[in-house]
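J.: Mind looking over this structure? Questions follow.
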Amino acid sequence: DEIKKTLMTAIHPSMAFLMWKDCGLIDEILPEISKKNDLFYVNIGNQLNRIKGEFGDKVIPELYFAAIFKDNFDVLKRMKLSNDFIRLTGKIISSLEWVEKVVSDKSVRKFGITFGEYTDICIGFITAYIDAYYTDAAYHLWLKDFTDKVKELREDGTMFDHTTVLPVDGNDIMKAFNLKPSKTVKLLLDQAWDFYYNNPKVSKEDLVSYLRSSNIICG
């Protein structure tokens, strides 16, 4: 709780973090990261400040904890944080898996589905991470392509989020193909999602027609 309070109230959260290191407090409260080299602390400090700059007064503590513990996630359990806090922090950290992935309509819509209402938080976290860790222009070009694609899809109304639903569900598929609950239904749903990511305005009827023409054997 005190770590959260300090990070949330500090004008420069990196200064608080570095002061814990300089006075030896890190050795006592966070021994898992106390032996890290100076570059680790510099990068974390930069990321904390960039998170503060990105979100201002709207920053949430999970963002700071994600930056500090992205490589030492198990520490959060020892700190007796709530399951919801740990779950969201882990979700934010997992957004880094998207860095350097091919930017496409499909991949960005998948990002929106995966992170839902926390999409902008995760984009801000990735931005702070790249700014803090990389001078290589390739990472910054990737970030621009990624954020431009998010903006483009939002403007044309085809960005996915936590409210997005597939036009068909399991019952629709079982009825259309005369199936009972089975792995085939799951395969068809996966196939439907794969098609939907690239064709977000497809109708229910056209989606069923596409599934009929797929190579999945039903029955």
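The values are calculated or read from the model by the stated rules, or taken from the named source; none is laboratory data. Just so you know, these numbers come straight off a predicted model, no measurement behind them. Note that we place each Cβ from the backbone using ideal geometry, even for glycine, and neighbour counts take in every protein chain shown. The area values use the complete protein model at the heavy-atom level, side chains included, leaving out ligands, DNA and RNA. Shrake-Rupley method; radii C 1.70, N 1.55, O 1.52, S 1.80 Å.
Yes/no per residue for (1) part of a loop (DSSP other than H, G, I, E, B); (2) not hydrophobic (A, V, I, L, M, F, W, C):
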site	(1), (2)
ASN43	no, yes
GLN47	no, yes
GLY56	no, yes
PHE73	yes, no
LEU81	yes, no
ASP84	no, yes
ILE93	no, no
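J.: Every residue in segment 168-211 that is among the small types (Gly, Ala, Ser) and within 28 Å of the chain's Cα centre (by Cα), please.
T.: If we filter segment 168-211 for residues that are among the small types (Gly, Ala, Ser), which is where we start, we get 170, 176, 182, 192, 203, 209.
Within segment 168-211, GLY170, ALA192 qualify.
J.: Only one of (1) at pLDDT 95 or above; (2) under 29 Å from TYR64 (Cβ atoms) is not met by ASP156, so which one is it?
T.: Checking ASP156 against (1) at pLDDT 95 or above; (2) under 29 Å from TYR64 (Cβ atoms), the one that fails is (2).
J.: Quick check on segment 95-110: of everything there that is free of Cβ contacts under 8 Å to residues at least 24 places away in the same chain and outside any loop (DSSP other than H, G, I, E, B), which residue is nearest to the chain's Cα centre (by Cα)?
T.: GLU97
J.: Listed residues SER82, SER104; which is within 19 Å of ASP161 (Cα to Cα) and out of contact with any helix residue (DSSP H, G or I) (no Cβ under 7 Å at 6 or more places or on another chain)?
T.: On the way: SER82 fails: within 19 Å of ASP161 (Cα to Cα).
Answer to the check: SER104.
J.: Counting just the residues of segment 178-206 that are of a type in the set (S, T, N, Q) and open to solvent by less than 70 Å² (accessible area, probe 1.4 Å), which one comes out nearest to SER107 (Cα to Cα)?
T.: Just the residues of segment 178-206 that are of a type in the set (S, T, N, Q), to begin with: 178, 182, 184, 191, 198-199, 203.
With open to solvent by less than 70 Å² (accessible area, probe 1.4 Å) added as a condition, the list becomes 182, 184, 191, 199, 203.
Details: SER182: 28, THR184: 25, GLN191: 15, ASN199: 13, SER203: 21 Å.
The selected residue is ASN199.
J.: Right, next: Kindly provide the set of residues from segment 111-121 that are in contact (Cβ under 8 Å) with a residue 24 or more places away in the chain and either of a type in the set (Asp, Glu) or open to solvent by 20 Å² or more (accessible area, probe 1.4 Å) (or both), ordered by number.
T.: Matches in segment 111-121: ILE113, GLU117, TYR118, ILE121.
J.: Select the helices (runs of 4 or more DSSP H) contained entirely in segment 122-214, then report the ones holding at least 1 residues which are hydroxyl-bearing (Ser, Thr, Tyr) and free of Cβ contacts under 8 Å to residues at least 24 places away in the same chain. Talk me through it step by step, then tell me what you get.
T.: On the way: elements: 137-155, 170-177, 183-198, 204-212.
In segment 122-214, the matching helices (runs of 4 or more DSSP H) lie at 204-212.
J.: From the list TYR134, TYR64, which one is open to solvent by 10 Å² or more (accessible area, probe 1.4 Å) and closer than 28 Å to GLU32 by Cβ? Full working, then the answer.
T.: Working: TYR64 fails: open to solvent by 10 Å² or more (accessible area, probe 1.4 Å).
From the options TYR134, TYR64, the qualifying one is TYR134.
J.: Moving on. Scan segment 87-144 residue by residue and report those that are acidic (Asp, Glu), closer than 15 Å to ILE60 by Cα and touching an Asp or Glu at 6+ places or on another chain (Cβ under 9 Å). Steps first, please.
T.: Initially, segment 87-144 is screened for residues acidic (Asp, Glu), giving 97, 100, 105, 117, 120, 131, 136.
Those still in the list that are closer than 15 Å to ILE60 by Cα too: 117, 120.
The answer is GLU117, and nothing else.
J.: Given the criteria at pLDDT below 95, of a type outside the set (Lys, Arg) and open to solvent by 30 Å² or more (accessible area, probe 1.4 Å), does SER94 qualify? Step through it out loud before you land on a result.
T.: Values: at pLDDT below 95: no; of a type outside the set (Lys, Arg): yes; open to solvent by 30 Å² or more (accessible area, probe 1.4 Å): yes.
Considered against the rule, which asks whether it is at pLDDT below 95, of a type outside the set (Lys, Arg) and open to solvent by 30 Å² or more (accessible area, probe 1.4 Å), SER94 comes out as no.
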